[in-house]
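Colleague: Could you have a look at this structure, given as structure tokens, before my questions?
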Amino acid sequence: MTHLPPRRRALLVIDMQVGLFHGPAKPYEGARVLANINRLLAKAHEAGAPVFAVQHTGPAGSPVEPGSPLTRLIAELNIDESRDRIFTKTRPNCFAGTGLAELLHEASVDELVVVGMKTEFCVDTTCRAAADLGFKPILITDAHTTMDTPVLAAQAIIAHHNATLNGPFVTLLSTDECLF
């Protein structure tokens, strides 16, 4: 009888930064999403699972240039800087130019729990990239968010991405269902 090794999960918190979360356009159900992300952080920390937090930065001179106050992780996010890995990215794909795939391989991670902002940009792109790179992405349905757009309400964007990504790209779980 062949025994498969247990899967190892890591938590990836995407772009929970001042300029997005506390900007002029408020994230849909931001307080609930933040509370769920903090619950997942507590679960990951308790289990000793790796945690990665990423901040989006732009070019020098832009509002989100490296080191800008707008790129800082929000103070309400329970990241443990002594053990969690914080890194920056310049593209919607958290893997592009960041070394994230290598860090996950070094930690023997094969399942990546994805949470954060913004659903239709960095969350979607990272989920698709993770699957292409051989990781099993798990999208937490109640722990990612975005803002209303002129075309769609944030609630519709989130529901659409949960439905579209489910199956071919991700496994969907709720905060309550997710274990590390």
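Colleague: Most exposed first by the Cβ proxy, i.e. fewest other Cβ within 10 Å, how do ASP15, ASP132 rank?
Modeller: ASP132, ASP15
Colleague: List the DSSP H helices in the chain whose Cα atoms stretch 18 Å or more along the helix axis and whose mean Kyte-Doolittle hydropathy is at least 0.0. Write down the numbers at each step before the final one.
Modeller: Working: long enough: 30-47 (25 Å, 0.12).
Qualifying helices, which must be both long enough and hydrophobic enough, are 30-47.
Colleague: Using θ = phi - 60° and the Karplus relation 6.51 cos²θ - 1.76 cosθ + 1.60, list the HN-Hα couplings for region 143-153 in order, rounded to whole Hz, with x at every Gly or Pro.
Modeller: 9, 9, 8, 7, 10, 4, 10, x, 9, 9, 6
Colleague: With a cut-off of at most 10 other beta carbons within 10 Å, and DSSP calling the residue loop, which GluC sites (Glu not before Pro) in region 54-117 qualify? Please list them.
Modeller: Loop-located and lightly packed - GLU81.
Colleague: Okay, moving on. Give the distance, in whole Å, between the Cα centre of region 101-117 and the Cα centre of region 118-142.
Modeller: The distance from the Cα centre of region 101-117 to that of region 118-142 comes to 11 Å.
Colleague: Could you please report the charge total around LEU173, scoring K, R as +1 and D, E as -1 over all other residues with beta-carbon less than 11 angstrom from its beta-carbon? Show your work: numbers first, answer last.
Modeller: Values: positive: ARG9; negative: GLU111, ASP142, ASP176, GLU177.
That sum, taken over residues with Cβ under 11 Å, equals -3.
Colleague: List the residues, sorted by chain then number, that are 5 or more residues from GLN17 or on another chain and whose placed amide H is less than 5 Å from its amide H.
Modeller: Excluding prolines and chain starts, which carry no amide H, the hits are ILE74.
Colleague: Treating cross-link reach as a plain straight distance, find the lysines whose alpha-carbon is under 27 Å from the alpha-carbon of LYS136, omitting any fewer than eight places away in the same chain.
Modeller: Those lysines meeting the cut-off are LYS43, LYS89, LYS118.
Colleague: By the scheme Lys and Arg +1, Asp and Glu -1, what is the net charge of all other residues having a beta-carbon under 15 Å from that of VAL33?
Modeller: Summing Lys and Arg as +1 and Asp and Glu as -1 gives -3.
Colleague: Go ahead and run the numbers for FRET between LEU172 and PHE121, Cβ-Cβ distance against an R0 of 25 Å, rounding to 0.05. Spell out each step's value before the answer.
Modeller: On the way: r = 19 Å, r/R0 = 0.75.
Efficiency, from the Cβ-Cβ distance: 0.85.
Colleague: At 222 nm, what helix-only mean residue ellipticity would the chain give, in deg cm²/dmol to the nearest 500, using -39500 (n - 2.57) for each DSSP H run of four or more?
Modeller: Numbers: 5 runs with 50 residues, N = 180.
After summing the helix terms and dividing by the residues of the chain, the value is -8000 deg cm²/dmol.
Colleague: Could I ask something else about it? Test of understanding: in a Gaussian network model of the chain with alpha carbons linked when under 10 Å, which of LYS136, LYS118, LYS26 would top the mean-square fluctuation ranking?
Modeller: With Cα springs under 10 Å in the chain, the top fluctuation among LYS136, LYS118, LYS26 is at LYS26.
No value in this document is a laboratory result; all are computed from the given coordinates. Remember, it's a predicted structure, so these values are computed and weren't measured experimentally. Every residue, glycine as well, gets a Cβ built from its backbone with ideal geometry; the counts of neighbours run over all protein chains shown.
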